[in-house]
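The values are calculated or read from the model by the stated rules, or taken from the named source; none is laboratory data. What you see is a predicted model, and the numbers here were worked out from it, not measured in a lab. As a convention, Cβ positions derive from the backbone with ideal geometry for all residues, glycine included, and neighbour counts pool all protein chains shown. Areas reflect the complete protein model, heavy atoms only, side chains present, ligands, DNA and RNA absent. Shrake-Rupley method; radii C 1.70, N 1.55, O 1.52, S 1.80 Å.
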Number of protein chains: 2
Amino acid sequence: MTRLPWLRTRLTCIRGTMPKNTPELLKGTLDLLILKTLESGPMHGYAIARAIEEATEQALQIEEGSLYPALYRMTNRGLLRFEWGLSAANRRIKSYRLTARGRKRLKLETANWGQFTQAVARVLGEQPA
Amino acid sequence: MTRLPWLRTRLTCIRGTMPKNTPELLKGTLDLLILKTLESGPMHGYAIARAIEEATEQALQIEEGSLYPALYRMTNRGLLRFEWGLSAANRRIKSYRLTARGRKRLKLETANWGQFTQAVARVLGEQPA
DNA sequence: GTCATATACCTAGAGGTCCTATGTATGACC
DNA sequence: GGTCATACATAGGACCTCTAGGTATATGAC
(Lines give C-alpha, C1' and ligand atoms only; values in the text may rest on other atoms or scores of the structure.)
Protein backbone atom coordinates (compact mmCIF):
# COMPACT_ATOMS: atom_id res chain seq x y z
CA MET A 1 0.00 0.00 0.00
CA THR A 2 2.55 2.58 -1.02
CA ARG A 3 1.25 6.04 -1.55
CA LEU A 4 1.43 6.73 -5.23
CA PRO A 5 2.90 10.06 -6.26
CA TRP A 6 -0.06 11.34 -8.30
CA LEU A 7 -2.48 10.66 -5.48
CA ARG A 8 -1.53 13.58 -3.34
CA THR A 9 -1.87 15.93 -6.23
CA ARG A 10 -5.42 14.88 -6.82
CA LEU A 11 -6.39 15.22 -3.19
CA THR A 12 -5.03 18.72 -2.86
CA CYS A 13 -6.87 19.69 -6.00
CA ILE A 14 -10.10 18.47 -4.52
CA ARG A 15 -9.58 19.91 -1.08
CA GLY A 16 -8.93 23.27 -2.64
CA THR A 17 -12.24 24.76 -3.69
CA MET A 18 -14.72 21.95 -3.13
CA PRO A 19 -17.90 23.94 -2.81
CA LYS A 20 -19.93 20.82 -2.19
CA ASN A 21 -22.94 22.52 -3.73
CA THR A 22 -24.90 21.41 -6.77
CA PRO A 23 -24.83 17.72 -5.99
CA GLU A 24 -27.86 16.97 -8.12
CA LEU A 25 -28.45 20.27 -9.81
CA LEU A 26 -25.87 19.65 -12.48
CA LYS A 27 -27.88 16.70 -13.70
CA GLY A 28 -29.37 17.80 -16.98
CA THR A 29 -27.02 20.72 -17.44
CA LEU A 30 -23.57 19.34 -18.02
CA ASP A 31 -24.29 18.59 -21.66
CA LEU A 32 -25.46 22.14 -22.20
CA LEU A 33 -22.34 23.55 -20.56
CA ILE A 34 -20.09 21.39 -22.71
CA LEU A 35 -21.95 22.25 -25.90
CA LYS A 36 -21.79 25.95 -25.11
CA THR A 37 -18.10 25.80 -24.28
CA LEU A 38 -17.38 24.15 -27.61
CA GLU A 39 -19.40 26.70 -29.52
CA SER A 40 -16.46 29.04 -29.80
CA GLY A 41 -14.18 26.40 -31.27
CA PRO A 42 -12.55 23.00 -30.79
CA MET A 43 -11.17 22.12 -27.41
CA HIS A 44 -10.00 19.02 -25.59
CA GLY A 45 -11.73 17.46 -22.60
CA TYR A 46 -9.47 18.64 -19.86
CA ALA A 47 -9.54 22.16 -21.24
CA ILE A 48 -13.33 22.14 -21.40
CA ALA A 49 -13.51 21.40 -17.69
CA ARG A 50 -11.02 24.15 -16.92
CA ALA A 51 -12.91 26.60 -19.12
CA ILE A 52 -16.19 25.95 -17.35
CA GLU A 53 -14.58 26.28 -13.96
CA GLU A 54 -12.93 29.50 -14.96
CA ALA A 55 -16.12 30.94 -16.47
CA THR A 56 -17.98 30.25 -13.26
CA GLU A 57 -15.16 31.40 -11.03
CA GLN A 58 -14.87 27.90 -9.58
CA ALA A 59 -18.55 27.81 -8.63
CA LEU A 60 -18.89 24.72 -10.80
CA GLN A 61 -16.36 21.94 -10.56
CA ILE A 62 -16.46 19.46 -13.39
CA GLU A 63 -15.25 16.09 -12.16
CA GLU A 64 -13.35 13.96 -14.62
CA GLY A 65 -15.58 11.04 -13.79
CA SER A 66 -18.51 13.08 -15.11
CA LEU A 67 -16.68 14.81 -17.90
CA TYR A 68 -15.25 11.92 -19.86
CA PRO A 69 -18.38 9.77 -19.78
CA ALA A 70 -20.34 12.83 -20.92
CA LEU A 71 -18.01 13.42 -23.85
CA TYR A 72 -18.26 9.77 -24.76
CA ARG A 73 -22.05 9.83 -24.60
CA MET A 74 -22.33 12.98 -26.65
CA THR A 75 -19.94 11.69 -29.27
CA ASN A 76 -22.01 8.52 -29.58
CA ARG A 77 -25.13 10.60 -30.06
CA GLY A 78 -23.52 12.51 -32.86
CA LEU A 79 -23.35 15.82 -31.03
CA LEU A 80 -19.56 15.95 -31.02
CA ARG A 81 -16.69 14.51 -32.93
CA PHE A 82 -13.01 14.44 -32.11
CA GLU A 83 -9.54 14.12 -33.58
CA TRP A 84 -6.37 13.13 -31.83
CA GLY A 85 -3.85 15.90 -31.72
CA LEU A 86 -1.22 17.67 -29.68
CA SER A 87 -1.77 20.42 -27.17
CA ALA A 88 0.32 23.58 -26.94
CA ALA A 89 2.19 21.81 -24.13
CA ASN A 90 3.02 19.04 -26.57
CA ARG A 91 0.62 16.51 -25.07
CA ARG A 92 -1.58 13.94 -26.72
CA ILE A 93 -5.16 15.28 -26.71
CA LYS A 94 -8.59 14.51 -28.12
CA SER A 95 -9.78 17.69 -29.74
CA TYR A 96 -13.58 17.86 -29.70
CA ARG A 97 -15.79 19.99 -31.88
CA LEU A 98 -19.52 20.43 -32.39
CA THR A 99 -21.28 18.64 -35.21
CA ALA A 100 -24.22 20.22 -37.01
CA ARG A 101 -26.43 18.14 -34.80
CA GLY A 102 -24.60 19.34 -31.73
CA ARG A 103 -25.16 22.93 -32.75
CA LYS A 104 -28.86 22.29 -33.17
CA ARG A 105 -28.93 20.59 -29.80
CA LEU A 106 -27.20 23.53 -28.19
CA LYS A 107 -29.94 25.82 -29.42
CA LEU A 108 -32.64 23.49 -28.14
CA GLU A 109 -31.11 22.96 -24.74
CA THR A 110 -30.44 26.65 -24.29
CA ALA A 111 -34.09 27.37 -24.95
CA ASN A 112 -35.18 24.58 -22.60
CA TRP A 113 -32.93 25.87 -19.88
CA GLY A 114 -34.38 29.34 -20.23
CA GLN A 115 -37.92 28.05 -19.98
CA PHE A 116 -37.08 25.85 -17.07
CA THR A 117 -35.42 28.53 -14.99
CA GLN A 118 -38.30 30.88 -15.71
CA ALA A 119 -40.74 28.27 -14.51
CA VAL A 120 -38.77 27.68 -11.32
CA ALA A 121 -38.49 31.42 -10.81
CA ARG A 122 -42.25 31.70 -10.96
CA VAL A 123 -42.64 29.11 -8.23
CA LEU A 124 -40.00 30.85 -6.16
CA GLY A 125 -42.01 34.00 -6.53
CA GLU A 126 -39.34 36.10 -8.11
CA GLN A 127 -40.51 39.15 -9.95
CA PRO A 128 -39.53 38.96 -13.62
CA ALA A 129 -38.23 42.52 -13.54
CA MET B 1 -57.53 -7.03 -21.40
CA THR B 2 -60.52 -4.81 -20.80
CA ARG B 3 -59.88 -1.12 -20.85
CA LEU B 4 -60.22 0.06 -17.31
CA PRO B 5 -62.27 3.20 -16.80
CA TRP B 6 -59.59 5.24 -15.03
CA LEU B 7 -57.08 4.64 -17.78
CA ARG B 8 -58.54 7.00 -20.27
CA THR B 9 -58.60 9.79 -17.76
CA ARG B 10 -54.96 9.48 -17.09
CA LEU B 11 -54.03 9.40 -20.74
CA THR B 12 -55.99 12.50 -21.59
CA CYS B 13 -54.35 14.27 -18.73
CA ILE B 14 -50.97 13.43 -20.10
CA ARG B 15 -51.75 14.19 -23.70
CA GLY B 16 -52.96 17.61 -22.72
CA THR B 17 -49.93 19.78 -22.15
CA MET B 18 -47.03 17.34 -22.26
CA PRO B 19 -44.19 19.72 -22.99
CA LYS B 20 -41.71 16.87 -23.04
CA ASN B 21 -39.05 19.29 -21.93
CA THR B 22 -37.00 19.12 -18.75
CA PRO B 23 -36.37 15.39 -18.82
CA GLU B 24 -33.31 15.66 -16.65
CA LEU B 25 -33.39 19.27 -15.61
CA LEU B 26 -35.86 18.69 -12.81
CA LYS B 27 -33.35 16.47 -11.08
CA GLY B 28 -32.21 18.44 -8.09
CA THR B 29 -35.05 20.88 -8.19
CA LEU B 30 -38.20 19.01 -7.29
CA ASP B 31 -37.44 19.14 -3.58
CA LEU B 32 -36.96 22.87 -3.75
CA LEU B 33 -40.25 23.32 -5.59
CA ILE B 34 -42.12 21.25 -3.03
CA LEU B 35 -40.53 23.03 -0.10
CA LYS B 36 -41.35 26.41 -1.57
CA THR B 37 -44.93 25.42 -2.30
CA LEU B 38 -45.40 24.35 1.29
CA GLU B 39 -43.92 27.55 2.64
CA SER B 40 -47.27 29.32 2.50
CA GLY B 41 -49.02 26.62 4.50
CA PRO B 42 -50.00 22.94 4.71
CA MET B 43 -51.09 21.18 1.58
CA HIS B 44 -51.61 17.63 0.43
CA GLY B 45 -49.57 15.88 -2.23
CA TYR B 46 -51.94 16.05 -5.13
CA ALA B 47 -52.57 19.72 -4.45
CA ILE B 48 -48.85 20.45 -4.35
CA ALA B 49 -48.45 19.05 -7.84
CA ARG B 50 -51.41 21.08 -9.09
CA ALA B 51 -50.07 24.23 -7.44
CA ILE B 52 -46.68 23.88 -9.09
CA GLU B 53 -48.25 23.23 -12.46
CA GLU B 54 -50.49 26.22 -12.08
CA ALA B 55 -47.68 28.50 -10.92
CA THR B 56 -45.63 27.56 -13.97
CA GLU B 57 -48.59 27.70 -16.34
CA GLN B 58 -48.18 24.00 -17.07
CA ALA B 59 -44.53 24.45 -18.03
CA LEU B 60 -43.63 21.94 -15.33
CA GLN B 61 -45.60 18.73 -14.99
CA ILE B 62 -45.09 16.92 -11.73
CA GLU B 63 -45.63 13.20 -12.29
CA GLU B 64 -47.15 11.26 -9.44
CA GLY B 65 -44.38 8.71 -9.73
CA SER B 66 -41.94 11.49 -8.86
CA LEU B 67 -44.11 13.35 -6.42
CA TYR B 68 -45.03 10.67 -3.91
CA PRO B 69 -41.55 9.18 -3.61
CA ALA B 70 -40.22 12.69 -3.12
CA LEU B 71 -42.68 13.41 -0.32
CA TYR B 72 -41.80 10.11 1.28
CA ARG B 73 -38.09 10.86 1.03
CA MET B 74 -38.42 14.33 2.44
CA THR B 75 -40.58 13.14 5.31
CA ASN B 76 -37.99 10.54 6.20
CA ARG B 77 -35.34 13.22 6.21
CA GLY B 78 -37.33 15.30 8.62
CA LEU B 79 -38.07 18.11 6.18
CA LEU B 80 -41.80 17.51 6.20
CA ARG B 81 -44.39 15.95 8.42
CA PHE B 82 -47.98 15.05 7.65
CA GLU B 83 -51.35 14.35 9.19
CA TRP B 84 -54.22 12.45 7.71
CA GLY B 85 -57.22 14.64 7.12
CA LEU B 86 -60.09 15.47 4.79
CA SER B 87 -60.01 17.74 1.79
CA ALA B 88 -62.64 20.34 0.99
CA ALA B 89 -64.10 17.72 -1.34
CA ASN B 90 -64.43 15.39 1.61
CA ARG B 91 -61.59 13.12 0.57
CA ARG B 92 -58.96 11.37 2.62
CA ILE B 93 -55.70 13.32 2.31
CA LYS B 94 -52.22 13.52 3.78
CA SER B 95 -51.70 17.10 4.74
CA TYR B 96 -48.01 17.98 4.62
CA ARG B 97 -46.30 20.89 6.32
CA LEU B 98 -42.71 22.09 6.66
CA THR B 99 -40.71 21.26 9.75
CA ALA B 100 -38.15 23.68 11.15
CA ARG B 101 -35.55 21.66 9.36
CA GLY B 102 -37.52 21.88 6.14
CA ARG B 103 -37.63 25.63 6.43
CA LYS B 104 -33.90 25.79 6.91
CA ARG B 105 -33.45 23.50 3.94
CA LEU B 106 -35.65 25.70 1.81
CA LYS B 107 -33.39 28.66 2.50
CA LEU B 108 -30.30 26.67 1.69
CA GLU B 109 -31.63 25.21 -1.52
CA THR B 110 -32.96 28.55 -2.68
CA ALA B 111 -29.51 30.03 -2.23
CA ASN B 112 -27.88 27.10 -4.00
CA TRP B 113 -30.28 27.39 -6.89
CA GLY B 114 -29.50 31.07 -7.24
CA GLN B 115 -25.78 30.45 -7.32
CA PHE B 116 -26.13 27.60 -9.71
CA THR B 117 -28.25 29.47 -12.24
CA GLN B 118 -25.87 32.41 -12.05
CA ALA B 119 -22.96 30.12 -12.77
CA VAL B 120 -24.72 28.58 -15.75
CA ALA B 121 -25.68 32.02 -16.96
CA ARG B 122 -22.03 33.03 -16.96
CA VAL B 123 -21.14 30.08 -19.14
CA LEU B 124 -24.02 30.84 -21.46
CA GLY B 125 -22.63 34.33 -21.77
CA GLU B 126 -25.69 36.15 -20.58
CA GLN B 127 -25.17 39.67 -19.41
CA PRO B 128 -26.21 40.03 -15.78
CA ALA B 129 -28.10 43.22 -16.57
C1' DG C 1 19.02 12.84 -13.39
C1' DT C 2 15.15 12.36 -10.66
C1' DC C 3 11.35 13.93 -8.19
C1' DA C 4 7.13 16.33 -7.82
C1' DT C 5 3.59 18.55 -10.26
C1' DA C 6 0.18 19.52 -13.64
C1' DT C 7 -1.68 17.90 -17.71
C1' DA C 8 -4.40 14.44 -20.11
C1' DC C 9 -6.74 10.46 -20.77
C1' DC C 10 -9.94 6.33 -18.94
C1' DT C 11 -13.46 3.20 -16.37
C1' DA C 12 -16.20 0.37 -12.92
C1' DG C 13 -19.41 0.68 -9.50
C1' DA C 14 -22.29 3.05 -6.24
C1' DG C 15 -25.84 6.23 -5.29
C1' DG C 16 -29.55 9.00 -6.27
C1' DT C 17 -33.51 10.84 -8.89
C1' DC C 18 -37.21 10.81 -12.16
C1' DC C 19 -40.47 8.49 -15.09
C1' DT C 20 -43.46 4.71 -16.87
C1' DA C 21 -46.77 1.74 -15.87
C1' DT C 22 -49.57 -0.09 -12.85
C1' DG C 23 -52.83 -0.43 -9.06
C1' DT C 24 -56.65 0.94 -5.55
C1' DA C 25 -60.37 3.74 -3.67
C1' DT C 26 -64.16 7.01 -3.53
C1' DG C 27 -66.81 11.45 -3.76
C1' DA C 28 -69.51 14.15 -7.10
C1' DC C 29 -72.28 14.63 -10.93
C1' DC C 30 -75.26 13.34 -14.82
C1' DG D 1 -74.86 3.38 -12.49
C1' DG D 2 -71.34 5.04 -15.06
C1' DT D 3 -67.85 8.38 -15.68
C1' DC D 4 -64.68 11.66 -14.11
C1' DA D 5 -61.46 13.86 -11.18
C1' DT D 6 -59.35 13.41 -6.95
C1' DA D 7 -56.01 11.09 -3.98
C1' DC D 8 -53.06 7.80 -2.59
C1' DA D 9 -49.07 4.16 -3.66
C1' DT D 10 -45.03 1.38 -5.61
C1' DA D 11 -41.93 -1.59 -8.51
C1' DG D 12 -38.73 -1.41 -12.14
C1' DG D 13 -36.02 0.74 -15.50
C1' DA D 14 -33.32 4.44 -17.37
C1' DC D 15 -30.19 7.87 -16.75
C1' DC D 16 -26.62 10.80 -14.86
C1' DT D 17 -23.00 12.18 -11.62
C1' DC D 18 -19.47 11.19 -8.44
C1' DT D 19 -15.96 8.39 -5.96
C1' DA D 20 -12.14 5.97 -6.39
C1' DG D 21 -9.19 3.93 -8.80
C1' DG D 22 -5.74 3.62 -12.88
C1' DT D 23 -2.05 5.05 -16.65
C1' DA D 24 1.16 8.09 -19.08
C1' DT D 25 4.29 11.98 -19.88
C1' DA D 26 6.07 16.86 -20.43
C1' DT D 27 8.15 20.38 -17.53
C1' DG D 28 10.60 22.65 -14.02
C1' DA D 29 12.92 22.49 -9.48
C1' DC D 30 16.62 20.48 -6.97
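Report the net charge of residues surrounding residue A:107, where surrounding means a beta-carbon distance below 14 angstrom and charges are Lys +1, Arg +1, Asp -1, Glu -1. Result for the neighbourhood of residue A:107: +2.
Distances between equivalent label points of residue B:108 across the copies, with each point positioned 7 Å along Cα→Cβ, amount to 3.6 nm, shortest listed first. Taking the Cα centre of the range A:19-121 as origin, sum charge times position over the Cβ atoms of Lys and Arg (+1) and Asp and Glu (-1), and report the length of that vector in debye to the nearest 20. I would put it at about 540 debye. On a per residue basis, the range A:19-121 carries 56 Å² of accessible surface, using protein heavy atoms and a 1.4 Å probe.
Summed for both chains, how many Å² of accessible area, to the nearest 100, are buried between B and A with a 1.4 Å probe? Don't skip to the answer; put the middle values down first.
Values: alone 9690 and 9750 Å², together 16750 Å².
Buried area between the two chains comes out at roughly 2700 Å².
Among the GluC sites (Glu not before Pro) within the range B:55-117, those in coil by DSSP and having at most 15 neighbouring Cβ atoms inside 10 Å are B:57, B:63.
What is the sum of charges, Lys and Arg at +1 and Asp and Glu at -1, for the other residues whose Cβ falls under 12 Å from the Cβ of residue A:122?
On the way: positive: B:36; negative: A:126, B:53, B:54, B:57.
That sum, taken over residues with Cβ under 12 Å, equals -3.
Qualifying trypsin sites (Lys or Arg not before Pro) in the range B:40-97, where qualification requires a DSSP coil assignment and no more than 13 other C-beta atoms within 10 Å, comprise B:77, B:91. Averaged over the residues of peptide A:26-34, the number of Cβ atoms from other protein chains lying within 10 Å of each residue's Cβ is 5.
Between copies, the label points at residue B:81 (set 7 angstrom from Cα along Cα-to-Cβ) are spaced 6.1 nm, reported in nanometres from shortest to longest. The label point for residue B:72 and the one for residue A:72, both projected 7 Å from the Cα toward the Cβ, are 3.2 nm apart. Taking the label point 7 Å along Cα→Cβ, residue B:54 and its counterparts in the other copies are spaced 4.9 nm apart, in ascending order.
Could you work out how far apart the two model spin labels at residue B:126 and residue B:110 are, taking each label as a point 7 Å from the Cα in the direction of the beta carbon, and quote it in nm? In this crude label model, residue B:126 to residue B:110 measures out at 1.9 nm. For the rotation carrying B onto A, the chain B residue whose Cβ lies nearest the axis, with the distance in whole Å, reads B:27, 2.
Other residues with beta-carbon under 13 Å from the beta-carbon of residue B:86 carry, at +1 per Lys or Arg and -1 per Asp or Glu, a net charge of +2.
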